[in-house]
1. Based on the Cβ-Cβ distance from Lys39 to Ala17, what FRET efficiency comes out when R0 is 22 Å, to the nearest 0.05?
2. Using a Gaussian network model of the chain with C-alpha springs under 10 Å, which one of Met84, Met51, Met28 is most mobile by mean-square fluctuation?
3. Rounded to the nearest 500, what is the 222 nm mean residue ellipticity of the chain from helices alone, with -39500 (n - 2.57) per DSSP H run of 4+ residues and division by all residues?
4. State the percentage of accessible surface on the stretch 1-84 attributable to carbon and sulfur atoms; use a 1.4 Å probe and exclude ligands, DNA and RNA.
5. How far, in nm, would the chain grow between Met84 and His58 when pulled straight, counting 0.36 nm per residue and subtracting the alpha carbon separation?
6. For the chain, what is the accessible area per residue in Å², given a 1.4 Å probe and the full set of protein chains?
7. Using a simple spin-label model with points 7 Å from Cα along the Cα→Cβ vector, what separation in nm is obtained for Gln32 and Thr96?
8. Measure nothing fancy, just the Cα-based angle from helix 78-96's long axis to the longest principal axis of the chain, in degrees from 0 to 90, nearest 10.
Amino acid sequence: MNEKLEKLNQEIEKTEAKLRRAQHREKMLEHQIKTLNRKERTHRLCTRGAMLESYLPHPEAISDGQVNTFLKILFHNSGTRQLMEKFFLDNRKEDTE
(Lines give C-alpha, C1' and ligand atoms only; values in the text may rest on other atoms or scores of the structure.)
Protein backbone atom coordinates (compact mmCIF):
# COMPACT_ATOMS: atom_id res chain seq x y z
CA MET A 1 0.00 0.00 0.00
CA ASN A 2 2.80 2.45 0.91
CA GLU A 3 4.65 1.57 -2.28
CA LYS A 4 1.63 2.40 -4.38
CA LEU A 5 1.11 5.66 -2.50
CA GLU A 6 4.76 6.59 -2.96
CA LYS A 7 4.57 5.86 -6.71
CA LEU A 8 1.48 8.01 -6.99
CA ASN A 9 3.19 10.87 -5.11
CA GLN A 10 6.22 10.59 -7.40
CA GLU A 11 3.91 10.68 -10.41
CA ILE A 12 2.25 13.80 -9.01
CA GLU A 13 5.64 15.48 -8.50
CA LYS A 14 6.73 14.61 -12.05
CA THR A 15 3.47 15.91 -13.46
CA GLU A 16 3.70 19.13 -11.44
CA ALA A 17 7.30 19.65 -12.62
CA LYS A 18 6.15 19.09 -16.20
CA LEU A 19 3.34 21.61 -15.67
CA ARG A 20 5.79 24.21 -14.28
CA ARG A 21 8.07 23.73 -17.31
CA ALA A 22 5.10 24.11 -19.67
CA GLN A 23 3.94 27.26 -17.86
CA HIS A 24 7.46 28.69 -18.04
CA ARG A 25 7.63 27.87 -21.75
CA GLU A 26 4.25 29.55 -22.26
CA LYS A 27 5.51 32.74 -20.57
CA MET A 28 8.63 32.70 -22.74
CA LEU A 29 6.55 32.31 -25.91
CA GLU A 30 4.18 35.10 -24.85
CA HIS A 31 7.20 37.34 -24.27
CA GLN A 32 8.57 36.46 -27.73
CA ILE A 33 5.21 37.31 -29.31
CA LYS A 34 5.13 40.69 -27.54
CA THR A 35 8.71 41.40 -28.62
CA LEU A 36 8.00 40.48 -32.25
CA ASN A 37 4.82 42.57 -32.30
CA ARG A 38 6.69 45.55 -30.86
CA LYS A 39 9.52 45.17 -33.41
CA GLU A 40 7.01 44.85 -36.24
CA ARG A 41 5.20 48.00 -35.09
CA THR A 42 8.47 49.93 -34.72
CA HIS A 43 9.53 48.89 -38.22
CA ARG A 44 6.13 49.89 -39.63
CA LEU A 45 6.27 53.30 -37.90
CA CYS A 46 9.79 54.00 -39.15
CA THR A 47 8.96 52.88 -42.69
CA ARG A 48 5.77 54.91 -42.91
CA GLY A 49 7.37 57.92 -41.26
CA ALA A 50 10.12 57.77 -43.88
CA MET A 51 7.46 57.56 -46.59
CA LEU A 52 5.79 60.70 -45.24
CA GLU A 53 9.10 62.56 -45.03
CA SER A 54 9.91 61.67 -48.63
CA TYR A 55 6.90 63.76 -49.72
CA LEU A 56 7.71 66.80 -47.57
CA PRO A 57 9.93 69.33 -49.37
CA HIS A 58 11.95 70.26 -46.27
CA PRO A 59 10.92 67.96 -43.41
CA GLU A 60 13.52 69.41 -41.04
CA ALA A 61 12.03 72.89 -41.49
CA ILE A 62 8.58 72.10 -40.06
CA SER A 63 7.53 71.08 -36.57
CA ASP A 64 5.75 67.91 -35.49
CA GLY A 65 2.69 70.00 -34.76
CA GLN A 66 2.66 71.36 -38.30
CA VAL A 67 2.93 67.84 -39.73
CA ASN A 68 0.08 66.77 -37.46
CA THR A 69 -2.08 69.69 -38.62
CA PHE A 70 -1.29 68.92 -42.25
CA LEU A 71 -2.27 65.26 -41.77
CA LYS A 72 -5.49 66.21 -39.98
CA ILE A 73 -6.48 68.47 -42.86
CA LEU A 74 -5.49 65.86 -45.44
CA PHE A 75 -7.37 63.01 -43.77
CA HIS A 76 -10.50 65.06 -43.12
CA ASN A 77 -10.77 65.78 -46.84
CA SER A 78 -13.75 63.84 -48.24
CA GLY A 79 -11.77 62.67 -51.28
CA THR A 80 -9.05 61.25 -49.05
CA ARG A 81 -11.62 59.50 -46.83
CA GLN A 82 -13.31 57.95 -49.86
CA LEU A 83 -9.98 56.72 -51.19
CA MET A 84 -9.04 55.23 -47.81
CA GLU A 85 -12.43 53.49 -47.56
CA LYS A 86 -11.86 52.02 -51.03
CA PHE A 87 -8.42 50.71 -49.97
CA PHE A 88 -9.84 49.20 -46.78
CA LEU A 89 -12.71 47.60 -48.69
CA ASP A 90 -10.30 46.16 -51.26
CA ASN A 91 -8.09 44.80 -48.46
CA ARG A 92 -11.09 43.13 -46.77
CA LYS A 93 -12.07 41.52 -50.06
CA GLU A 94 -8.53 40.15 -50.50
CA ASP A 95 -8.52 38.81 -46.92
CA THR A 96 -11.77 36.90 -47.44
CA GLU A 97 -10.63 35.31 -50.72
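1. Working: r = 33 Å, r/R0 = 1.50.
Efficiency computed from Cβ-Cβ geometry: 0.10.
2. Greatest mean-square fluctuation among the candidates belongs to Met84.
3. Numbers: 3 runs with 86 residues, N = 97.
For the chain, the value works out to -32000 deg cm²/dmol.
4. Numbers: 4710 of 8120 Å².
That share works out to 58 percent.
5. Details: separation 26, 0.36 × 26 = 9.36 nm, distance 2.59 nm.
Result for the pair: 6.8 nm of gain on full extension.
6. Values: 9570 Å² over 97 residues.
Result: 99 Å² of accessible area for each residue.
7. Here the answer is 3.5 nm between the modelled labels.
8. So the inclination is approximately 30 degrees.
The values are calculated or read from the model by the stated rules, or taken from the named source; none is laboratory data. Only a predicted model underlies this, so the values are computations on that prediction, with no experimental measurement involved. Every residue, glycine as well, gets a Cβ built from its backbone with ideal geometry; the counts of neighbours run over all protein chains shown. Side chains included, ligands, DNA and RNA excluded: accessible areas come from the protein's heavy atoms. Shrake-Rupley method; radii C 1.70, N 1.55, O 1.52, S 1.80 Å.
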